[in-house]
Amino acid sequence: MPAEQPLVPVTSPTAVPAAAGTVTTTSSLLVTDDGSGPMACRNGNWQDLSPPACQEFAITGWDWDPAWDFEEKDGVRWGTFQMVGTFDGETFAVDEVSQPEPEPYESDFEIPCPTPDGGWQVADPSRTTQDAMLGLGNVAEDIPGFAMVAVSTSAGQPGPRDPMDAVVSLYVAGDPAAAEEIVREWWGGMLCVTQVEHSHDELEKVQMALLDIPGMNEVGSGNTDNQVDLVVLNDDGSIQQWVDQEFGEGVVVVESNLRPVG
């Protein structure tokens, strides 16, 4: 039997990789044009600017269609579009442009604990108050191994205003029993404590290390999957391979904004 070949180390990405073949954007991009040619980007603080500034990558083959929904001010045109075309790492050559309606937000949150026998029950109504619910964040953050906290209804819907209908889901990388004991000193409402692999502090360090990745559009770690989500303009697989090597498999999940058509 031949010996296994050693894994070839992958270096930290230094440029946005080119895309193979025809690709499509997975969400709408901001496109701006100040007269010197259209530029595009996915994220940023441009929502508060009028006109916005956006210079992530250049676009060729673009022609502003009067039928499109876009704005114009001080000689700058801008709008949000989805595109199909090719990308060489610096320039997107457009074949098709569309402006689909944004999809409505739908929560996919599930309480990570099974429903107790008899359903979710408030343990102590005297400590199930608005003040107790609002102060939970500060209490939870001091728990050893704290990862995150989420508040939902007993049906898993987000944002209940009534503390008596709120299930607090606490995620900890430490001892769940010890964490529950600490929280119960403050909160008497419905409570789920679940153990995860990585603490908030651990994932935050990983998140900070990814801020300078070329083409980085968004990075965050406050999710119930207990991982860092990294959104980049394009990943040909090398970025995911590098983060797996650097931080361990499953710690960072890379989402590419450009994906092969079909």
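Bear in mind that the values in this text are calculations on the coordinates, not laboratory data. Owing to the predicted nature of the structure, the values given are computational and were not obtained by experimental measurement. So basically every Cβ, Gly included, is an ideal-geometry build from the backbone, and we count neighbours across all protein chains shown.
Choose one of V149, I182, Y171: the residue whose Cα lies farthest towards the positive end of the charge dipole of the chain (beta-carbon charges +1 Lys, Arg; -1 Asp, Glu; about the Cα centre). Highest projection toward the positive end goes to I182.
Over all alpha-carbon pairs in segment 125-195, figure out the percentage whose distance exceeds 16 Å.
Details: 972 of 2485 pairs.
Cα-Cα pairs of segment 125-195 separated by over 16 Å account for 39 percent.
Using a Gaussian network model of the chain whose springs link C-alpha atoms within less than 10 Å, name the residue from G89, G248, G79 with the highest mean-square fluctuation. So, out of G89, G248, G79, the one fluctuating most is G248.
Neighbour counting of Cβ atoms within 10 Å sorts the residues S36, S152, S98, fewest neighbours leading, into S36, S98, S152.
Express in % the proportion of alpha carbon pairs of segment 128-262 at distances exceeding 18 Å.
On the way: 5354 of 9045 pairs.
Value for segment 128-262: 59 percent of Cα pairs lie more than 18 Å apart.
Note on segment 200-260: Cα convex hull, mean projected area over all directions, 3.9 nm².
Remark: the Cα gyration tensor places segment 45-174 in the prolate category, a/c being 1.5 or greater and a/b exceeding b/c.
How do Y105, Y171 line up, fewest other C-beta atoms within 10 Å first? Before the final figure, lay out the partial values.
On the way: Y105 6, Y171 25.
So the residues, fewest neighbours to most, are Y105, Y171.
With kT/(6 pi eta Rh) evaluated at 37 °C and eta = 0.692 mPa s, and Rh the Kirkwood radius from Cα pairs, the chain diffuses with a coefficient of 152 µm²/s according to Stokes-Einstein. Computed over the chain with a Gaussian network model linking Cα atoms closer than 10 Å, the most mobile of E185, E249, E197 is E185.
Ranked for footprinting exposure by Cβ neighbours inside 10 Å, fewest first, W64, W187, W242 give W64, W242, W187. Reducing segment 171-236 and segment 72-119 to their Cα centroids gives an inter-centroid distance of 23 Å. For segment 36-109, the extents of the C-alpha atoms along the principal axes are 44, 30, 26 Å, listed from largest to smallest.
Rounded to the nearest 20 Debye, what is the dipole magnitude of the chain about its Cα centre when Lys and Arg each give +1 and Asp and Glu each give -1 at the C-beta?
Around 160 debye, computed over the chain.
Out of the DSSP beta bridges found with both residues in the chain, what percent are antiparallel (nearest 5)? Roughly 75 percent of the DSSP beta bridges within the chain come out antiparallel.
For the chain, relative contact order (Cα pairs under 8 Å, six or more residues apart, normalised by length) works out to 20 percent. Structure remark: mean-square fluctuation, Gaussian network model of the chain, C-alpha springs under 10 Å; the largest value among V196, V167, V122 belongs to V122. Dipole of segment 200-260 computed with +1 at Lys/Arg Cβ and -1 at Asp/Glu Cβ about the Cα centre; of T224, H200, V254, farthest Cα towards the positive end is V254.
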